[in-house]
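Please read the structure below before turning to the comments.
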Amino acid sequence: MTIAASQHRTQNPLERRYALLGVLLIAPTVLILCAVIVYPLISAIYLSLFSIYTPTLKGSWVGLDNYVQVFGSSGFWSALGTTVTWTVGTLFLQIVFGVAMALLLNQNILFRSLARSLVLFPYFVSTVVAVLIWRWLFNDLYGILSHLLIQFGVVDMPVDWLGKMPNAMASVIFVGAWKFFPFVVIAVLARLQTIPEQLYEAATIDGAGVFGRFFDVTLPQLKDVLTIVILLRTIWDFKEFDLIYLLTGGGPVNNTRTLPLIVYQQAFGLNQMGVAATYAVAMMLVMLAFMLIYLYRARRQSP
Amino acid sequence: MVTVTFDKVRKAFGATVAIPGLDLAIASGEFVSLLGPSGCGKTTTLRMLAGLEQPTAGEIRIGERTVNNLAPSERDIAMVFQSYALYPHMSVRENIAYPLKKRGVPKADRPAMVQAAADLLQLGPLLDRKPRQLSGGQQQRVALGRALVREPKVFLLDEPLSNLDAKLRAHMRAELIELHRRLGKTMVYVTHDQLEAMTMSTRIAVMQGGVLQQFAMPGEIYHRPANTFVAGFIGTPSMTLADGEIAMDQGRPVLKLGTLSLELPSDHLSDRPDGTRRVTVAVRPEDIIIGTGSFRANVRLVEPTGHESIVLVNAGDVGFTVRVAGDTVLKAGETIPLDLRRERIHVFDRETGRRLNADRAAATADSVRSRA
Ligand SMILES: Nc1ncnc2c1ncn2[C@@H]1O[C@H](COP(=O)(O)OP(=O)(O)O)[C@@H](O)[C@H]1O
Ligand SMILES: [Mg+2]
């Protein structure tokens, strides 16, 4: 719009050519964004207004019936609760492990650079591979976790890690934390390295101990990066699918069935593409709230 | 009021020896500057005193107490850092109150103490600001406030003025002198700026390569440098340093500098050399007289600075730096008469660099300073 307006005002052919060049240069980005974000978004909203049979993608207009059905079902609300439990639980552990590990790696420990690379391993390993390994560790017949617990006399019988509640939720939360805490480590470690050493020395002289220095110097300096990390990870954990799906498939009895799993189930298990789209749109609304907080903060921080 | 003593203190960082062995006794209530070029170990010395660095050997005492094994917070010291090190998320008030809070001063007593410190440093209107909303000079004063609020026994300051512009620095120098006079506390001040050291200190410890070169009052340092390093380091522009020889002639020492030959006062040296002695002499720019005298000098360069000019001249193969009044008319290339104030010539052993001048009352035109 701005370009068009400036084209009107100026008859300078050189400037017009530059404006055209500008449009050409941003066109690929705009087209790609439209193809991968705008089209699916509109398409999802569109689909949610139909009753659609997935294999044929044919169906009839139902208006807001899908929304009435979804928001009226207990399945949606319990899945929302499960999603919140999973997100809050795994995020909490990610932050605690992540900050603790970043603090450790910021010290002058032996093999620091090796440790720094190793800690990224869970983040880079494929989810499928990671989950298969964890399922193997969790297995109640030959899994090493139960085996070790029995060896040390903590339990007498193998623990059913994934087939019982609350074990299944705890396991999913824990594996999620293991998989994603390196992201927190990277972000926090980068920030830790920019905290001036003299602040710690001043605090030491002022009489602050280890905890005083952490709470009065480190934590306030980490506040901004932690806010961003928490917002991003909340969004990402909220929509996490493959890790949970592969680990428990939503079981036992839907106890770890989060919203993304319902979407999948509706779309490809029950072949109800319209209802699936409705769940997806509902999920998007929840995440939109987080997005708005994120955008608001990001805007406020850049002057 | 408390003394500070370094007793054979050594500090090595791995294979690097920063301080080979330091003996320094600071009297109660003194303002001592550690002065020397960058990397000479000033900060290391101060940090050992603060407890931020552990000496490799030797003993550090504050008062009668050996502090080697005491944590920084147990030493009853306060430190002002070059970067100020203010806590960025705390207001000025919280910054100043922080050491009180951490030392368990009752909450009810803190506001009055913070207010007293703020009043002393004119920080009253700034108390609710954050450090980033302050100018460099204001941040500096907050750092001072945080240091003095809990009335430590010793103040440590590491180049606290070096991040300020020249004008503000001059202002803060005066404020620090005033602060020292009012508090009467022992202060140890690290600087590489001789002007700061000369104007503020009761005594200056000149350091080089981790070794203490001279520890004396500013006037003494200026008028009686203990060795060639101090002679060359103190004074702007620097003294003229030149190698020469001294031989006795009918009971009077005669100095040969290149082709110049001049007779020194008979009591100029602490001992009379047998035969010829190889020496290094140092002459202050203001101890060289232009316009009279038996030596001929060739003017190489005139640098007018306003009220005075710095003139570089050659006389008898020696290049001298001369300070003359700003209205002196001189041109490069001119040949002029030149003389030296013989009684003010500093003589050092060329091998050891040690001062050879006899102690004479006349040579120490020193104003004894005490603000306590
Ligand atoms: N933490 C350290 N590790 C290794 N060498 C150091 C360390 N701190 C200081 N040094 C060395 O000790 C010497 C004195 O340093 P410093 O006390 O900082 O000098 P100054 O403050 O006089 O500029 C320097 O050669 C410096 O490189
Ligand atoms: Mg230093």
Just wondering, is there one or more residues in the stretch A:8-15 that are among the polar types (S, T, N, Q) and part of a helix (DSSP H, G or I)?
no
Single residue of the stretch B:188-241 satisfying the filter (in a strand (DSSP E or B) and more than 13 Å from the chain's Cα centre (by Cα)) that is nearest to ligand 2 (Cβ to nearest atom)
B:Val211
From the list B:Leu156, B:Leu134, B:Leu86, which one is crowded, with 18+ Cβ neighbours inside 10 Å and within 16 Å of ligand 1 (Cβ to nearest atom)?
B:Leu156
Qualifying residues in the stretch B:42-68 (those that are within 16 Å of ligand 2 (Cβ to nearest atom) and part of a loop (DSSP other than H, G, I, E, B)) - the one farthest from the other protein chains (Cβ to nearest Cβ)
B:Glu53
Have a look at B:Asn69, B:Asn95 and point out the one that is over 25 Å from B:Ala216 (Cα atoms) and out of contact with any helix residue (DSSP H, G or I) (no Cβ under 9 Å at 6 or more places or on another chain).
B:Asn69
Of B:Ile60, B:Ile77, the only residue that is hydrophobic (A, V, I, L, M, F, W, C), assigned by TED's automatic domain parsing to the domain that holds B:Gly137, buried (at least 20 other Cβ atoms within 10 Å of the Cβ) and within 16 Å of ligand 1 (Cβ to nearest atom) is B:Ile60
I'd like to check something: does the stretch B:220-243 contain any residue that is surrounded by fewer than 19 Cβ atoms within 10 Å (Cβ to Cβ), closer than 26 Å to B:Thr321 by Cβ and within 16 Å of ligand 1 (Cβ to nearest atom)?
no
So which pairs qualify, if the first residue must be in the stretch A:199-215 and more than 7 Å from chain B (Cβ to nearest Cβ), the second must be β-branched (Val, Ile, Thr) and crowded, with 18+ Cβ neighbours inside 10 Å, the Cβ gap must be under 9 Å, and the two must be at least 6 apart or on different chains?
A:Tyr200/A:Val217; A:Tyr200/A:Thr218; A:Ala203/A:Val217; A:Arg213/A:Thr204
What about B:Ser91, is it surrounded by 15 or more Cβ atoms within 10 Å (Cβ to Cβ) and at the interface with chain A (Cβ under 8 Å from one of its Cβ atoms)?
no
Within the stretch B:10-29, which residues are surrounded by 23 or more Cβ atoms within 10 Å (Cβ to Cβ) and either among the charged types (D, E, K, R) or more than 11 Å from ligand 1 (Cβ to nearest atom) (or both)?
B:Lys11, B:Leu22, B:Ile26
Within the stretch B:182-200, which residues are in contact with a strand residue (DSSP E or B) (Cβ under 9 Å, 6 or more places away or on another chain) and more than 16 Å from ligand 1 (Cβ to nearest atom)?
B:Leu183, B:Lys185, B:Thr186, B:Met187, B:Met198, B:Met200
Checking B:Gly104 against (1) surrounded by 15 or more Cβ atoms within 10 Å (Cβ to Cβ); (2) within 14 Å of chain A (Cβ to nearest Cβ), the condition it does not meet:
(1)
Residues of the stretch B:30-45 satisfying the condition of being within 8 Å of ligand 1 (Cβ to nearest atom) and crowded, with 16+ Cβ neighbours inside 10 Å
B:Leu34, B:Gly36, B:Cys40, B:Gly41, B:Lys42, B:Thr43, B:Thr44, B:Thr45
Among the residues that make up the stretch B:288-306, is at least one of them closer than 16 Å to B:Thr240 by Cα, within 26 Å of the chain's Cα centre (by Cα) and in contact (Cβ under 8 Å) with a residue 24 or more places away in the chain?
yes
All-but-one check, A:Gln193 against (1) loosely packed, with under 11 Cβ neighbours inside 10 Å; (2) more than 22 Å from B:Pro88 (Cβ to Cβ), failing number (2)
Is it fair to say A:Asn167 is polar (S, T, N, Q) and over 25 Å from the mean Cα position of the chain (by Cα)?
no
Assuming B:Ser33 fulfils every condition listed in (1) touching a residue at least 60 places away in the same chain (Cβ under 8 Å); (2) more than 16 Å from ligand 2 (Cβ to nearest atom); (3) assigned to a strand (DSSP E or B) apart from one, which condition is it?
(2)
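The values are calculated or read from the model by the stated rules, or taken from the named source; none is laboratory data. The structure presented is a predicted model; accordingly, all values stated were derived computationally and were not measured. All Cβ positions, glycine included, derive from the backbone under ideal geometry; neighbour counts span all protein chains shown.
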